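Asks: Sharing a structure, written as structure tokens. Questions coming.
Nothing in this text is a laboratory measurement; each read-out follows from the coordinates by a stated rule. Remember, predicted model here, so these are calculated numbers, not experimental data. Reconstructed Cβ throughout: ideal geometry from the backbone, glycine too, with neighbour counts over all protein chains shown.
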Amino acid sequence: LSYQDVIETTGDLIVTNDVLSPDGFSRGAIEFGPLIKAHTGDNIRINVVNQLTDRSMPVSTSIHWHGLFQRGSSWADGPEFVTQCPIVPNESFEYSFEADHPGTFWYHSHVKAQYCDGLRGPLVIYDSNDPYRFSYDYDNEHTIITLADWYHVSSELIRGAARPDSTLINGVGRYKGGPKVDLAVIHVEPGKRYRFRLVSIACDPNYQFSIDGHSVVIIEADGEYVQAVEVDSIQIFAAQRYSFILKADKPVGNYWIRADPNVGDQGFEGGLNSAILRYIGAPEEEPTSAASESKMPLRETDLHAMLDSPAPGVPQPGAADINIRLVPTFNTSTLKFQVNDKTFVPPETPSLPVMLQILSGTHLAQDLLPQGSVYGLQRDKVVELVIPPLVLGGPHPVHLHGHAFSVVRSAGSTSYNFENPVRRDVVSIGNPGDEVTIRFKTDNPGPWLFHCHIDFHFVRGFAVVFAEDAPSITSNAPPAWDELCPKYERFAGVQDS
Ligand code: C2O
């Protein structure tokens with residue numbers, strides 16, 4: 001695994017197949033990505049080089065930079081057939097965009113469920129004006145904790161409900177009945193304070209995350225600073241991130257780091273779903289620490305944006321400029337999801353150029369856009385989305401591209417918070433009785449996907465596109481971008497024959 005590698009601001013992301021055995025079981029897969037790091041304001045330039053050959057998985061690719069806003073660079077957002085055609089094997093494509101806000105992010109393939117085969121990695125944008133910089137001593141590549149689900153078969157073979165074979169923490173883990181693979185060890189120096197960055201790069205499960213004997217102080221959620229809140233366990237959904245401060249002030253020793261998934265083999269027997277926190281000076285052995293019952297679990301309603309910023313718009317439910325109810329459903333005979341009765345089927349040409357063609361009068365919108373799945377939004381409006389839960393396969397974490405949103409009503413809460421809600425980019429829509437409500441302002445023109453981040457649900461149509469201020473979406477993409485679609489068409493033709 002290339003977790004140890006780092007790309008600083010610019011570089012080549014070489015996408016290759018390999019036989020991987022991160023949990024001791026060998027399978028053909030796609031190499032995990034290195035850490036990408038930059039500083040606020042940097043121009044990130046990543047040249048994605050597609051060297052994929054294994055046709056048991058998707059061989060075309062495209063990369064999404066999860067949580068970055070892509071202001072003025074919506075062409076670089078990544079989802080196949082929404083902002084670009086896929087990059088075919090033996091081709092490369094350079095993404096270039098601004099590190100627009102500091103925080104903890106990640107990147108992943110946005111072609112089918114390809115990231116579940118490995119193509120995903122953490123992305124951190126460091127902040128020289130971090131308001132918490134005096135609260136910790138360390139924040140570096142050794143303090144990133146990634147949580148991933150891992151499957152012993154290709155994503156293409158996963159039908160119906162997915163069941164991960166193992167949990168990988170920083171790229172390694174164990175499966176039930178498998179070998180005793182060395183678990184990830186995170187070293188801390190006694191007495192020091194660490195800023196850990198917890199990144200779910202999962203395709204499906206949410207995890208109950210905790211570290212034996214330690215509580216932590218959360219300071220960031222999904223690339224947004226929050227007011228410090230102390231917790232002893234964190235339920236983290238697919239694609240969410242948290243920064244927390246941990247004080248290494250417990251007796252020198254080894255402590256279990258636990259990430260219990262809601263699907264797949266649960267529990268910790270034999271080192272499942274685990275990693276190790278090791279104080280320097282402790283023996284190199286596995287912990288014997290016991291999990292204690294969580295007394296201070298994270299509740300989303302306890303998270304508040306750092307500067308007490310209110311949600312945009314009139315502080316009353318349903319009183320935004322544009323109010324949209326998005327009702328997810330599942331059809332048990334077609335095994336497809338619908339949002340407001342429409343299954344998202346990506347157009348076989350990307351909608352961004354399609355929009356531009358519409359503007360130039362070349363095509364009629366209804367011929368090309370996936371009907372019913374695209375919502376036009378005018379500029380400078382406050383949008384309120386209300387999303388009732390869908391029990392089957394849930395709780396579902398939904399993600400909006402191009403924005404962070406204010407969560408004015410969280411899952412599990414019946415009250416609204418317009419005054420100082422958390423802002424984030426992935427939120428769980430919860431269980432029966434919930435009705436999650438989020439708000440954002442249309443200040444960023446682009447074709448932005450909104451979808452369930454359980455990747456297998458996205459592939460089955462749990463998505464819509466917001467065409468935000470379509471007239472202002474300009475094609476400021478590099479020339480190579482225009483060449484991708486013809487190349488893909490030729491390639492797809494070859495593949496079919
Ligand atoms: Cu992580 Cu469509 O996104």
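Asks: Could you compute the net charge surrounding K112? Neighbours are other residues with a C-beta less than 10 Å from the C-beta of K112; K and R count +1, D and E count -1.
Replies: Summing Lys/Arg as +1 and Asp/Glu as -1 gives -4.
Asks: Compute the projected area of the convex hull of the Cα atoms of segment 155-302, averaged over all viewing directions, and report it in nm² to one decimal place.
Replies: The directionally averaged projection comes out at 9.6 nm².
Asks: In addition: Take the Cα of R71, step 7 Å along the line toward its Cβ, and report every residue of segment 442-456 whose backbone nitrogen sits under 17 Å from that point.
Replies: Within reach of a label on R71: 442-447.
Asks: Grab the Cα-Cα distance for T16 and Q227, subtract it from 0.36 nm times how many residues apart they are, and report the gain in nm with one decimal.
Replies: 71.9 nm
Asks: Note down the magnitude of the dipole of segment 155-302 about its Cα centre, charges +1 on Lys and Arg C-beta and -1 on Asp and Glu C-beta and zero elsewhere, to the nearest 20 debye.
Replies: About 140 debye.
Asks: Which whole-number percentage describes the relative contact order of segment 89-179, with Cα contacts under 8 Å and a sequence gap of 6 or more?
Replies: The normalised contact order for segment 89-179 reaches 21 percent.
Asks: Another question, if that's okay. Hey, got the dipole for segment 62-114? About the Cα centre, +1 on K and R Cβ, -1 on D and E Cβ, debye to the nearest 20?
Replies: That gives segment 62-114 a dipole magnitude of about 140 debye.
Asks: Of all DSSP beta bridges located in segment 130-210, what percent are antiparallel, nearest 5?
Replies: 55
Asks: In whole percent, what relative contact order does the chain give with Cα contacts below 8 Å and a gap of six or more residues?
Replies: 14
Asks: Now a separate question. Once you measure Cβ to Cβ distances between cysteines in the chain, which Cys have no partner under 4.7 Å?
Replies: Among the cysteines of the chain, those whose Cβ sits 4.7 Å or more from every other are C452.
Asks: Ok, one more. Arranged by the count of other C-beta atoms within 10 angstrom, fewest first, what order do S62, S73 take?
Replies: Ranked by crowding around the Cβ, least crowded first: S73, S62.
Asks: With a point put 7 Å past each Cα toward its Cβ, work out how far I322 is from L307 in nm, to one decimal.
Replies: Placing both labels 7 Å along Cα→Cβ, they lie 2.5 nm apart.
Asks: Kindly state, to the nearest 0.05, the FRET efficiency for T329 paired with D5, given R0 = 60 Å and r defined as their beta-carbon distance.
Replies: 0.90
Asks: Which value, in debye to the nearest 20, gives the size of the charge dipole of the chain about its Cα centre, when Lys and Arg are +1 and Asp and Glu are -1 at the Cβ?
Replies: About 680 debye.
Asks: Arrange the following residues from fewest to most other Cβ atoms within 10 Å of their Cβ: V263, V383.
Replies: Fewest-to-most ranking of V263, V383: V263, V383.
Asks: Which of K192/K250; K112/K441; K176/K250; K112/K342 have a Cα-Cα distance over 20 Å?
Replies: The pairs that break the limit, which is 20 Å between Cα atoms, are K112/K441; K176/K250.
Asks: Moving on. Convex hull over the Cα atoms of the chain, averaged projected area in nm²?
Replies: Here the figure is 22.1 nm², rounded to one decimal.
Asks: Provide the packing ranking of 429-437, 203-211, i.e. peptides ordered by the mean count of other C-beta atoms within 10 Å per residue, highest first.
Replies: With the highest mean Cβ count within 10 Å placed first, the list reads 203-211, 429-437.
Asks: Follow-up. If neighbour count is taken as other Cβ atoms inside 10 Å, put H451, H214 in order from fewest to most.
Replies: Listing H451, H214 from fewest to most nearby Cβ atoms yields H214, H451.
Asks: Tell me, what is the percent relative contact order of segment 155-302, built from C-alpha pairs under 8 Å that lie six or more residues apart?
Replies: 30
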